[in-house]
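S.K.: This is the structure, below, for whatever I ask next.
Bear in mind that the values in this text are calculations on the coordinates, not laboratory data. For clarity, every value in this text was computed on a predicted model and none was experimentally measured. Reconstructed Cβ throughout: ideal geometry from the backbone, glycine too, with neighbour counts over all protein chains shown.
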C-alpha cells in the first residue's frame, strides 16, 4: 500500500536533486533535438479536445528559493535538471525559468524585496487599505530593481543558450494574488464585502502592469517561449499565460466569478488563453473556474505527498471532462499512487497531463506505459 502523507521535514516536496551543469558543458544540440522530437505530439495534444500526456517535472529546490538570487547558479542548476530529464520517458520537455519569487509585479507598488538567509525572497505589504493602493501611482515593473533583475536574467539565459532551449516567463501571480501582497490582508479581505468597487479597480491596475511586463519578457525570450509557464507543463506548441491564484481559496465561487474571472479573461485575450493554478483543495470552486473566459489549462495537486490538502480526483473529472481545458495534475508518489489517482481522475473525453516525480528512469518508464494504456 502506498504511503501518501505530506512530509513536512523537507523544504520542497516536488523537488528533484540535480547536479549543476555549466553552460559551456551543457549538450545544447542533444537537448534541442530531444525537445524538437516532442513538439509535433505537443501540438497535436494541444489542438485536440481530449487526450492524455505525461510530464516528468524536474524542479531544482535551490532555484525556487534562495538560489534564484544568483542567475548563473540558477541557470547551471536548471541545465543540470534538463540534462537529467532526458533519461525519463515523457511527452513534454522541461524548460528554463527566470524565477524570482512571487512579488515581481507587486514591486511596482513600492514593495522592496527582502532576502532571508536560506529562503525565497519576501515582501511586506506597503498599504493598509485597498483605496490607498488604488490612489498610489505605480511604476512600471521593468523600472523596479527586481523587474530589471528578471529581464537581465532572461537576457543571460537567452545568451547562454543561444535562444534554442525552451524558456518560460518568470513566476506569474494573478492580479488577485498580487493585490494580496500589497495590501494588509485583514483589510484586503474585508474589502470584498465593504468596498468591492475599489478591489475591482486595483485588479484592473495590476492587470495592465502585468500585461506590459509579460509582453516585455516575451520580446526577449522570442521563439523559445514555453507556455503557459512556471508550474504548468509547458511547450512552445502550447499557449496561454499561467497564473498562480492561491488567494482564490479565500473567496467564494461568486466572488471569484465577479472579481477575478474578468481580469483573467483579459489576460487570456492578450496572451492566447489563461491557465489557473491554486495550491490546496479548490474543487469547490472548480465549476466557477471552468467558466473563466479563455481558460486553456488548470493545475492542481492530487496526492498528499504533493500537498497536505490535495484535490479529490473524481471532482475534477466531473467538471473538466468535455471542456477541452487541460488539467495539469501534479502527483508526487510512486507508480502505484500515480496510477491510482489518474484512474480516478481521467475520463475518455478529458484532456489530462499527468505530472510525475518518479525517482528512477525504470519506474518512470513503467508509469509512462501504464498511464498511456488508460487512454487507449
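S.K.: Based on the mean of other Cβ atoms within 10 Å per residue, sort peptides 35-42, 152-159 so the most packed one is first.
M.R.: 152-159, 35-42
S.K.: Let me ask something else about it. Distance between the C-alpha centers of region 87-105 and region 303-343? Whole Å please.
M.R.: 20 Å
S.K.: Now a separate question. Antiparallel DSSP bridges in region 23-374: what percent, to the nearest 5?
M.R.: 5 percent
S.K.: OK, next. Output needed: percent of Cα pairs per 5 Å distance bin for region 111-261, bins running from 0 to the one holding the longest distance.
M.R.: For region 111-261, the pair-distance distribution reads 2, 9, 16, 20, 19, 15, 11, 6, 2, 1, 0.
S.K.: Mind computing the radius of gyration and Dmax over the alpha-carbon atoms of region 219-314? Å is fine for both.
M.R.: 13.7, 41
S.K.: Okay, moving on. Show me the ranking of peptides 88-101, 246-259 by mean Cβ neighbours inside 10 Å, starting with the highest.
M.R.: The peptides rank, most packed first, as 88-101, 246-259.
S.K.: While we're here: I'd like the projected area of region 309-376, averaged over all directions, using the convex hull of its alpha carbons. Report it in nm² with one decimal.
M.R.: Result: a mean projected hull area of 4.3 nm².
S.K.: Let me ask something else. For the chain, set up a GNM with springs between Cα atoms under 10 Å and report which of 299, 33, 184 has the largest fluctuation.
M.R.: Fluctuation is largest for 33.
S.K.: Using only the C-alpha atoms of the chain, find the volume of their convex hull and express it per residue in Å³.
M.R.: Spelled out: Cα convex hull of the chain, divided by residues, is 124 Å³.
S.K.: Turning to a different aspect of this structure: Under 10 Å, Cα contacts only: if you run a Gaussian network model on the chain, which one of 44, 226, 274 comes out with the highest mean-square fluctuation?
M.R.: Per the Cα network of the chain with a 10 Å cutoff, 44 tops the list.
S.K.: Based on the mean of other Cβ atoms within 10 Å per residue, sort peptides 278-291, 108-121 so the most packed one is first.
M.R.: For the peptides 278-291, 108-121, the packing ranking is 278-291, 108-121.
S.K.: Put a dot 7 Å past each Cα toward the Cβ at residue 5 and residue 28; how far apart are the dots in nm?
M.R.: My value for the distance between the label points is 4.8 nm.
S.K.: Below 8 Å, C-alpha to C-alpha, sequence gap of six or more: please give me the relative contact order for region 23-374 in percent.
M.R.: Taking the mean separation of contacting Cα pairs over the length of region 23-374, I get 18 percent.
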